[in-house]
1. Of the residues L200, L98, L12, which exhibits the maximal mean-square fluctuation in a Gaussian network model of the chain defined by a 10 Å Cα contact cut-off?
2. Per the 1.4 Å probe, what fraction of the accessible area of the chain, in percent, lies on carbon and sulfur atoms?
3. Take the alpha carbon atoms of the range 144-196, find their center, do the same for the range 111-139, and report the distance between the two centers in whole angstrom.
4. What percent does the relative contact order of the range 216-299 come to when contacts are Cα pairs within less than 8 Å and at least six residues apart?
5. If R₀ is 25 angstrom, what is the calculated FRET efficiency for the pair A190 and L231, using the beta carbon separation as r and rounding to 0.05?
6. Under the classification rounded if a/c is under 1.5, otherwise prolate if a/b is larger than b/c and oblate if not, where does the chain fall, given a ≥ b ≥ c as square roots of the Cα gyration tensor eigenvalues?
7. May I ask you to list the aspartates and glutamates whose Cα is less than 12 Å away from that of K69, ignoring any residue fewer than eight positions away on the same chain?
8. Let me check I've understood the local charge: for A210, count other residues with C-beta under 14 angstrom from its C-beta, Lys and Arg +1, Asp and Glu -1. What total comes out?
Amino acid sequence: MFEGAASGKVILLGEHAVVHGIPALAASIGSGAWASARPTRNTPSLTVQDADRTWVVNPGSELEEAFRKLSNAIGVSADADARIDIPTRAGLGSSACLGVALARAMLALRGNPFTDSDVVDAATSWERVFHGNPSGIDVAVAVFGGCVEFRKGVGITPVALGQPIPLCVGDTGLRSSTRTMVEHVARELAAKADAGRTWLDEIGDCVSRARSALAAAEWTAVGEAMNQNQLLLEQVGLSNPETDALCRAARDTGAVAAKLTGAGGGGCVIALAPGLQREVLLAWQHLGFDGFSVDAGVD
Ligand code: PMV
């Protein structure tokens, strides 16, 4: 039996704009996915387990298509089992880290030495089935971990952190399709014409200010950039009442910043809460939202 693992991620700043060439900042959250693979002479099979259920992958499903693309990219026939330890379809990169964990297990099973770039290529063929034309940020963070700046078509630059990033991750409980949200933003930008370019540049400015501040753990400056990024995401309709409630509760509790993370339209919110992670989680719990705290960007 051969094994692989990978971490989920949060996008700190720059989601959606990254699809249009602006750099984004993302950090690994430690937990993610684990997979094992063993050779088979029969039809390959995949079983995936998360906190709520076990999915046996059915013929014709997206998961089956993704597993077939991954198997073809690597050139092995395997029976695989996988486990996901983070909320799925919630903006935390669950599909990418599952693809990376499976790619690592199946590349190990194939037997030849392999590089991180082989893992990226294989996992990208898996990820395209779910996300259409992903920027690549989720797969890159799942493979390389830590805190990174990512630019589409260029790849990652590691960001040296002054300290791990003290975050709370809150779940709206709502789910959206990344593909649909990316298409929605593309339509908004086309309709905005020059204002769309300004929107992208303003997000780029937030990313660059946060990047410098992260190196010195200047949380107030990081937080100002995150809050401004959230306002810009709200302008194109990516927030909703649940996201707003989580952000407001976190800020009212003393968090320096709060914003949606990932595709939006539901999914998760991140709050930057140095020294106050427990209090923010309690405030969310009081409103009926699940969440967890993480010192992000270290694994
Ligand atoms: O799939 P999510 O929710 O982690 O979002 C990915 C980030 C986007 O910028 C919205 C899409 C992309 O491909 O970069």
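The values are calculated or read from the model by the stated rules, or taken from the named source; none is laboratory data. Here the structure is a predicted model, which means the values were calculated and not measured. Cβ atoms come from the backbone with ideal geometry, glycine included; neighbour counts cover every protein chain shown. Side chains included, ligands, DNA and RNA excluded: accessible areas come from the protein's heavy atoms. Shrake-Rupley method; radii C 1.70, N 1.55, O 1.52, S 1.80 Å.
1. L200
2. On the way: 6130 of 12510 Å².
Solvent-exposed carbon and sulfur of the chain make up 49 percent of the total.
3. 17 Å
4. Numbers: 103 pairs, mean separation 21.2, N = 84.
This gives 25 percent for the range 216-299.
5. Values: r = 21 Å, r/R0 = 0.85.
Using R0 = 25 Å, I get an efficiency of 0.75.
6. Details: a/c = 1.72, a/b = 1.58, b/c = 1.09.
It comes out prolate by the Cα gyration axes.
7. Partners within reach: D121, E127.
8. Values: positive: R209, R211, K259; negative: E15, E149, E202, D205, E218, E224.
Charge balance near A210 sits at -3.
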